[in-house]
Amino acid sequence: MSSRRSGPPPMQQLQPQLSISYGEPEKKQRSKCMSFVCCMWKVFTCIFSHVTLVATVVAYCFLGAFTFEHLEAENERNVKKGISSIRLNLTDAIWKMTNDRPVLHQQNWTSAAIMHLQSFEKEILTAMKKDGWDGNEDVDQIQWTFFGALFYSIIVITTIGK
């Protein structure tokens, strides 16, 4: 007769004899060629992503410079032409005022000239504040050249953010 124990089986029989390590998956051996391809892929994606990013920023700056130059240069020329016409209107008004009167009275002429000059001053201040006139009337010398616009475009990129 065999003697059997009643109750749970011994601990050794319940636990399987598997070796499991947690945290690291089982690594497969790669061939040298596959390791080289994977390494080159990582290098290529890193370089390509950085080159693409830099190329995009440079293209954005040049596109911004081209846009600013074409939009603002014409406006700057128009403002300078407007200032020249304001000056011409002032001189014409003072000349007409002087020429129309047979007898010049100093007080009357001076008060009329002051009125014209104050009007001129208001128009100049408005052109400086509102239109951005820099005091230069030469139409060939403008601030919005391609390189000035490129500089402005770079400043816009670098100053955006917190």
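Taken over the range 118-141, the criterion of being modelled with pLDDT of 85 or more and exposed (fewer than 12 other Cβ atoms within 10 Å of the Cβ) is satisfied by Q118, E121, K122, L125.
Of all residues in the range 25-80, those that are among the acidic types (D, E) and open to solvent by 70 Å² or more (accessible area, probe 1.4 Å) total 2.
Filtering the range 87-98 to residues that are of a type in the set (S, T, Y) and open to solvent by 70 Å² or more (accessible area, probe 1.4 Å) leaves only T91. In this entry, S84 passes the filter for residues that are at pLDDT below 85, of a type in the set (S, T, Y) and open to solvent by less than 70 Å² (accessible area, probe 1.4 Å). Whenever a residue of the range 46-59 is touching a residue at least 40 places away in the same chain (Cβ under 8 Å), its partners that are open to solvent by less than 90 Å² (accessible area, probe 1.4 Å) and part of a helix (DSSP H, G or I), lying with C-beta atoms within less than 9 angstrom and at least six residues away or across chains, give the pairs V57/I157.
Among the residues of the range 20-69, those that are closer than 30 Å to A149 by Cα, at pLDDT 85 or above and either among the aromatic types (F, W, Y) or touching a helix residue (DSSP H, G or I) at 6+ places or on another chain (Cβ under 9 Å) (or both) comprise V57, Y60, C61, F62, L63, G64, A65, F66, T67, F68, E69.
Within the span defined as the range 142-158, one or more residues are open to solvent by 60 Å² or more (accessible area, probe 1.4 Å), assigned to a helix (DSSP H, G or I), without any contact (Cβ under 8 Å) to a residue 40 or more places away in the chain and not hydrophobic (A, V, I, L, M, F, W, C). If you check every pair at least six apart or on different chains, which have Cβ atoms under 9 Å apart with a residue in the range 112-137 that is under 18 Å from T91 (Cα atoms) first and a residue that is hydroxyl-bearing (S, T, Y) and outside any loop (DSSP other than H, G, I, E, B) second? Listed by first residue and then by second, the contacts come to A113/T98; E137/S84.
The values are calculated or read from the model by the stated rules, or taken from the named source; none is laboratory data. These numbers come from a predicted model, not from an experiment. Note: ideal-geometry Cβ built from the backbone for every residue, glycine included; neighbour counts use all protein chains shown. What goes into the accessible areas is simple: the full protein's heavy atoms, side chains included, and nothing from ligands, DNA or RNA. Shrake-Rupley method; radii C 1.70, N 1.55, O 1.52, S 1.80 Å.
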